């Protein structure tokens, strides 16, 4: 039966006969009436009267398909909601509201750069140019099917000092002003770094350490916090080098 609101607009009937003690599959294509304003379809099964016998049914479904195909229409997941972008000099962090649908992952695009299988609700684009406009697209993905993209335009922050300024000093923007770090994992995002491909090396308590995925991991420790000595050597080339020393960097243990 086809309905507009609660008013019956049209109906189509099909008959089938089941054989005793044998499972049989029955399927049929039903064309939505043309020219009808339909918003609901209902399947009704009627049985002839019989005093004896039982009828068993299994896996009954009414499936919407396209162009008369028996292949079910693939429904797109809902596009990400409340998409926001926070800008920095060389990074843009885009975030969105967590979907209530299970099994959702996300995809972030920036021009030809595409990042897939994101399970969280935020993503940071790295190694961008300061003071430049970027278009970022975000979509939800469910079982290989993508939602519509949500587009955000954002402009990265400009350098605080000109690249050739004598008093320009690159610094870690991810450290708090008091020289402390929230947690044992420090993202190595800089402000006033003119060359994103600069050669940067690190030492913790005098020992050379290698960051992983642009993240510096402090050794595990007991207690609420511990102080480390962090040495950073930055070489941008063309004689532009800096030695930065955080003599008592406080790391909070959470």
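Please treat every number below as a calculation from the coordinates, not as lab data. Just so it is clear, the structure is predicted and the values come from calculations on it, not from any experiment. Quick reminder, even Gly has a Cβ in these numbers, built from the backbone with ideal geometry, and neighbours come from all protein chains shown.
Remarks
- Computed log₁₀ I(q)/I(0) - Debye formula, equal Cα scatterers, no solvent, segment 84-155, q 0.23, 0.27 Å⁻¹: -1.01, -1.32
- All-pairs alpha carbon distance profile, segment 171-252, 5 Å steps from 0, percent: 3, 14, 26, 28, 17, 8, 3, 1, 0
- Pairwise label distance in nanometres, residue 153 with residue 17, each label 7 Å out on the Cα-Cβ vector: 6.9 nm
- A viscosity of 1.306 mPa s and a temperature of 10 °C, combined with the Kirkwood radius over C-alpha pairs in the Stokes-Einstein formula, give the chain a diffusion coefficient of 65 µm²/s.
- Distance-filtered residues of segment 238-254 - backbone nitrogen under 19 Å, label point 7 angstrom along residue 227 Cα→Cβ: 244-254
- Here 227, 168 are placed in order of increasing Cβ neighbour count within 10 Å, fewest first, which gives 227, 168.
- Site pair residue 220 and residue 126 shows an inter-label distance of 2.4 nm when each label is modelled 7 Å from Cα along Cα→Cβ.
- Residue separation of residue 1 and residue 105 scaled by 0.36 nm, minus their Cα-Cα distance, works out to 33.7 nm of gained length.
- Here the Kirkwood formula, the inverse mean of 1/r across different C-alpha pairs, assigns segment 183-231 a hydrodynamic radius of 12.3 Å.
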